[in-house]
Amino acid sequence: MGSRETRQFTPAKQAVFALLISLTPVCVCAQSPTGDSIPTILVTDGTPIHLVLMDDLQGKKVDPQTVVHFKVREDLLVQSKVIVKTGTEAIAHVESVSKSGLLGKSGRLILQFDYVTTTSGTKILLRGGAGVKGGKGGALTAISATWFGPDATLPVGTAVNAYVSTDQRTPAP
C-alpha cells in the first residue's frame, strides 16, 4: 500500500491565501428592498439638451475655468419619461478667453459644457461648447490713439444646445 501524504497549511501559506482572498473582486448589485434590480434608462450619446445661459459673460471680466450656469429650456424625455426637467441647472466652464487687442483684434470666449443633473439625482456628462468672437467695432482711445477691438460677450438668455457625452444609464424616475 502506498502512503498518503498530508499537506500542512503553514503560516506563510495562510498569509498568501488571506492576501489572495482580500484581492478578489466583489460584485455588488444594487437591488430594491423587494429584491428586484433597479430599472435604469439609457440616455444615448449625442442626445441634445436645450439650454439657456443664466450668467452675463463679458470676455474682459471672466477668467478660464470660471463656472458658468445654464438652465434647461425644455424637458428631456427618454422612453416617455422625464429624465431632466425644464429649469434644471446645467454647469459649464470657460475653456479659454482672449481679450480684445490692438489694431482691432477681437476678443474670444469659449465655453465647455460639463454636466446636468437628472430627476433621480445622477449627473449626465455633456459635451460640446459655445464660442463667441467680438463683433465689428471697437474703440479708438484718445490717450494712445490706437484701435482696440471689441470684447466677446454672451448675454443672459442666450440659447445653446449641449449634447450627452457617451451612452449613460440613469435610474428611472
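A short reminder: the numbers here are calculations on the coordinates, not readings from a lab. In this text, all values refer to a predicted model and were calculated from it rather than measured experimentally. Counting neighbours? That spans all protein chains shown, and the Cβs are built from the backbone with ideal geometry, glycine included.
Odds and ends about this structure:
- Compared with the direct C-alpha span, the chain from THR166 to ASP63 gains 34.2 nm at full extension, assuming 0.36 nm per residue.
- In this calculation the C-beta distance from THR40 to ALA12 is compared with R0 = 45 Å, giving a FRET efficiency of 0.45.
- For the pair LYS81 and ASP56, label points projected 7 Å from Cα toward Cβ lie 4.1 nm apart.
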